[in-house]
Amino acid sequence: MLRIENLTKAYGDKKAVDGLSLHIKPGEIYGFIGHNGAGKTTTLKSCCGILRFDEGDIFVDGVSVKKDPIACKEKIAYIPDNPDLYEFLTGIQYLNFVADVYKVSAEDRQARIERYAKELGIYDDLATKIGAYSHGMKQKLAVISALIHAPRLLLMDEPFVGLDPKAAHTLKGIMREICDQGGAIFFSTHVLEVAEKLCDKIAIIRGGKLVIAGDTETVRGDTSLENVFLELVEEEA
Amino acid sequence: MIRTLISLRLKEMAHRFMSHTKAGGKGRKILIAVLLTYCVVVFLGMFGGIFYLVCEPFMHLGLNWLYFALAGLLSVTLCLIGSIFFTQSLIFEAKDNELLLSMPVKPSAILFSRIGTLYLLNLGYSAIINLPCIVVWILMNGFDLMLTLRCVAFMLLLPLLPSALSCVVGFVIALITSRMRNKNIVSLLLSGMSMAAYFYFCFNSQELLTRLLKNGGELAAVIQKVLPPLYALGSAAAEGDILQSLIWIACCVLPMALVYALLSRSFITIATMKRGAKRIKYKAQKTRKASVFAALTVKEMRRYSADAMYLLNGGMGVLLSMILAVVLLIKRDAIESIFGMFALTGVDFNQWTGALMCAALCMLAGMNMLSGASVSIEGEGLWLMQSLPLKAGEILLPKAAAHCVICLPAIILAGALSAFALSVNGITAAAMILLPCLVCIFISLFGVTLNLLFPRFDYASDLMAIKSGLSSGLTMLMGMGLVAIPVILYAFVFKASFDPGYLYAGCAAVLALGSFLLYYYLTHGAQKRFDALGQG
């Protein structure tokens with residue numbers, strides 16, 4: 001579903017991502033872990049065609065992001081770590097806008113908006129301007145807008161930040177459902193307990209380089225993911 | 001503590017003007033400094049001219065006090081216009097109110113620092129009027145140390161009065177808008193009123209001045225009766241009258257003390273007042289599918305009109321063209337007498353009227369620069385546009401389209417009303433409607449293109465983007481140049497030797513070609529540039 005091959009991206013002299021390669025298959029929830037500034041957001045933004053990269057390539061369903069970004073974007077949904085949405089629109093106006101851009105039929109969008117907005121507990125607030133939303137509400141709206149075109153691949157940067165426990169639980173359920181239907185999810189998180197329980201596979205990145213990647217059980221080994229991560233960070237120090 | 005807080009406010013104000021991207025920061029600072037100096041010099045010169053005109057006649061009438069009272073009146077008015085909206089954001093809607101309240105700082109100290117900053121701002125505004133007032137007086141009457149000291153002291157007190165009034169008005173606006181669903185309406189209304197007052201003053205300044213000089217005595221009696229504080233200021237400054245001096249000091253200090261006492265008692269309530277749009281319960285509606293172009297155009301229109309001040313600044317031409325058309329309908333004689341001046345050249349007056357009105361309408365259509373900051377205002381939300389499965393042209397063209405949808409109806413209406421009011425021939429009438437429309441379309445595309453080439457994503461607000469953005473400024477200049485060049489060529493190079501119908505046709509062809517080239521660039525050549533935005 002998503003193949004990252006030798007991805008390298010530098011900001012000036014500093015390499016934010018250095019020769020990263022990963023393969024996310026359909027049906028997988030893939031966690032992406034790393035300290036602040038490790039290169040997680042850069043990788044995610046490169047995958048969805050927002051950031052241009054210097055070397056390597058990224059393929060979504062076999063289509064190169066470099067060569068045909070539009071075709072890739074049609075299959076992807078991206079949720080950033082800090083959802084700066086259009087504050088001058090109401091929630092429903094924003095969702096309709098995204099649905100129009102992705103050419104979602106009126107029936108499908110109506111059904112999806114109703115389902116996800118109710119499940120995430122934001123339905124009653126859809127007529128309110130996004131500017132009046134709390135961080136958590138914006139995050140919920142970003143999640144709904146990402147799901148509105150039923151994407152095959154969901155890229156999420158810290159999706160659980162700001163969500164209340166119920167919404168976080170709902171989102172985990174939705175993520176599993178997408179994967180059960182043949183989709184894939186690649187997301188970054190600092191909440192290691194969530195990654196440990198939710199992810200089929202995990203990759204740890206440090207200083208732009210991949211340190212370890214594989215099945216959650218393999219990466220974790222006999223200890224906890226937290227211990228593995230801390231050991232790796234200490235090694236660097 | 002108060003000094004630290006005032007210094008923080010001043011730094012914030014400087015940042016608003018001087019905030020810049022890494023590239024070209026120094027050049028931008030110099031440019032802003034030059035522009036500010038230019039504005040100050042122009043205002044000093046303008047008010048110096050007014051004081052020079054009134055000083056001698058007032059002296060002959062024995063109304064020296066009226067000279068200083070007039071300066072006081074102008075100062076208070078300028079301070080009020082300049083600081084009402086600033087007061088709102090400085091005191092009542094400051095983003096750091098809660099941050100400062102969480103620190104061991106007395107609320108009264110926070111308020112004092114904010115009012116202190118307001119006072120300094122108003123001191124700057126009033127200096128633009130008071131400095132030329134004092135300088136002209138000294139030039140006309142010779143240097144008098146006591147009078148100069150009195151003037152300076154009273155002028156230092158003066159900003160307290162408009163500051164207090166601004167606080168009261170700002171408080172009322174904050175109170176009203178905090179309970180309103182659409183507070184843009186109030187901002188738009190107040191801005192419109194301020195602008196109308198400004199234009200009224202500009203258009204009628206000569207007449208007002210003549211009336212002032214003719215009826216100085218009557219005016220003095222009115223001010224003495226209706227505005228005693230100004231009489232007190234005038235008498236205190238000109239004659240050193242002790243009683244009037246005390247009255248003037250009281251007029252400045254007491255309102256401010258009262259406002260400070262009242263606001264400091266309720267500052268925590270004001271600062272923590274719940275703001276933002278009101279929550280409305282959503283009721284399911286049948287959704288309708290729209291095309292990508294329509295969805296993006298509607299989104300851009302909502303964006304442009306989300307901030308009343310953005311709309312007002314970017315759509316100034318629309319407002320002015322409507323005013324021009326209405327004035328033309330009501331006071332056709334006034335316009336004809338202005339255009340009549342051109343008849344002195346020996347050219348047919350009617351021919352000039354149509355051509356000049358057409359040029360004026362085109363100029364006003366070119367003044368709209370809504371699209372000139374349309375890329376910059378994406379700001380932090382740029383990721384959203386770049387993550388959509390759309391080509392650059394599909395994203396950029398709706399920005400120009402929204403500009404046209406907002407501006408074109410008023411431009412067409414203004415053209416039609418003007419053609420009707422002037423009873424011009426068919427060709428001129430068509431030109432008065434079509435040419436401004438073409439200018440509008442060209443400028444809308446030009447604005448997007450320019451902003452794509454010179455964007456900035458670090459503006460504190462949409463308003464700053466359109467007010468201080470390079471591309472929006474250049475877009476407006478282009479709009480003016482578009483009109484000035486053919487007018488100058490026709491009038492001075494070709495000496496109006498051919499029918500203006502050919503001029504209209506030539507201009508239309510150039511505008512259509514230019515629009516097509518810009519359209520082609522946005523749809524075929526802008527992808528690389530768009531992809532490069534926000535790449536760090």
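The values are calculated or read from the model by the stated rules, or taken from the named source; none is laboratory data. Computed from a prediction, not measured in an experiment: that's the story for all the values here. Counting neighbours? That spans all protein chains shown, and the Cβs are built from the backbone with ideal geometry, glycine included. Remember, those area values only see protein heavy atoms, side chains included, never the ligands or the DNA or RNA. Shrake-Rupley method; radii C 1.70, N 1.55, O 1.52, S 1.80 Å.
So for region B:135-154 (the condition being in a helix (DSSP H, G or I), surrounded by fewer than 17 Cβ atoms within 10 Å (Cβ to Cβ) and within 28 Å of the chain's Cα centre (by Cα)), does at least one residue qualify?
Checked against the condition, which is being in a helix (DSSP H, G or I), surrounded by fewer than 17 Cβ atoms within 10 Å (Cβ to Cβ) and within 28 Å of the chain's Cα centre (by Cα), region B:135-154 yields no hits at all.
Tell me, please, whether a residue that is open to solvent by 40 Å² or more (accessible area, probe 1.4 Å), among the acidic types (Asp, Glu), at the interface with another protein chain (Cβ under 10 Å from one of its Cβ atoms) and without any contact (Cβ under 8 Å) to a residue 60 or more places away in the chain can be found in region A:90-109.
Within region A:90-109, one or more residues are open to solvent by 40 Å² or more (accessible area, probe 1.4 Å), among the acidic types (Asp, Glu), at the interface with another protein chain (Cβ under 10 Å from one of its Cβ atoms) and without any contact (Cβ under 8 Å) to a residue 60 or more places away in the chain.
From the list A:50, A:58, which residue is part of a strand (DSSP E or B) and farther than 20 Å from residue A:160 by Cβ?
Within the list A:50, A:58, the selection yields A:58.
Does residue B:305 count as surrounded by 21 or more Cβ atoms within 10 Å (Cβ to Cβ), in a helix (DSSP H, G or I) and within 17 Å of the chain's Cα centre (by Cα)?
For residue B:305, the condition - surrounded by 21 or more Cβ atoms within 10 Å (Cβ to Cβ), in a helix (DSSP H, G or I) and within 17 Å of the chain's Cα centre (by Cα) - is not met.
Among the listed residues B:298, B:327, which satisfies the condition of being away from chain A (no Cβ under 14 Å) and either assigned to a helix (DSSP H, G or I) or farther than 19 Å from residue A:85 by Cβ (or both)?
One residue alone meets the criteria, B:327.
Is there a residue being more than 8 Å from chain B (Cβ to nearest Cβ), crowded, with 24+ Cβ neighbours inside 10 Å and out of contact with any Cys (no Cβ under 8 Å at 6 or more places or on another chain) anywhere in region A:21-32?
yes
What are the pairs with Cβ atoms under 7 angstrom where one residue, in region A:75-89, is in a loop (DSSP other than H, G, I, E, B) and the other, located anywhere, is surrounded by fewer than 24 Cβ atoms within 10 Å (Cβ to Cβ) and of a type in the set (Val, Ile, Thr)? Sequence gap at least six, or different chains.
Short answer, once both residue conditions are applied: A:81/A:41; A:81/A:161; A:85/A:130; A:86/A:130; A:87/A:130; A:89/A:130.
Among (1) touching a helix residue (DSSP H, G or I) at 6+ places or on another chain (Cβ under 7 Å); (2) within 14 Å of chain A (Cβ to nearest Cβ), which single condition is residue B:313 missing?
(2)
With the requirement that a residue be in a strand (DSSP E or B), over 20 Å from residue A:185 (Cα atoms) and free of Cβ contacts under 8 Å to residues at least 60 places away in the same chain, what does region A:10-40 give you?
Result: A:10, A:11, A:14.
Looking only at region B:501-536, count how many residues are more than 19 Å from residue B:486 (Cβ to Cβ), open to solvent by 80 Å² or more (accessible area, probe 1.4 Å) and away from chain A (no Cβ under 14 Å).
3
From the residues in region B:388-412 that are in contact with a helix residue (DSSP H, G or I) (Cβ under 7 Å, 6 or more places away or on another chain) and open to solvent by 40 Å² or more (accessible area, probe 1.4 Å), which one is farthest from the other protein chains (Cβ to nearest Cβ)?
Once the filter is applied, the top-ranked residue is B:412.
Can you name the condition, by its number, that residue A:188 falls short on among (1) surrounded by fewer than 18 Cβ atoms within 10 Å (Cβ to Cβ); (2) touching a Lys or Arg at 6+ places or on another chain (Cβ under 8 Å); (3) of a type in the set (Ser, Thr, Tyr)?
Single failed check for residue A:188: (1).
For region A:146-165, which residues satisfy the criterion of being open to solvent by less than 10 Å² (accessible area, probe 1.4 Å) and either more than 13 Å from residue A:186 (Cα to Cα) or of a type in the set (Ser, Thr, Tyr) (or both)?
A:146, A:147, A:148
Can you pull out the residues in region B:277-302 that are open to solvent by less than 50 Å² (accessible area, probe 1.4 Å) and not basic (Lys, Arg)?
Residues satisfying the conditions are B:277, B:282, B:287, B:290, B:292, B:294, B:295, B:296, B:297, B:300.
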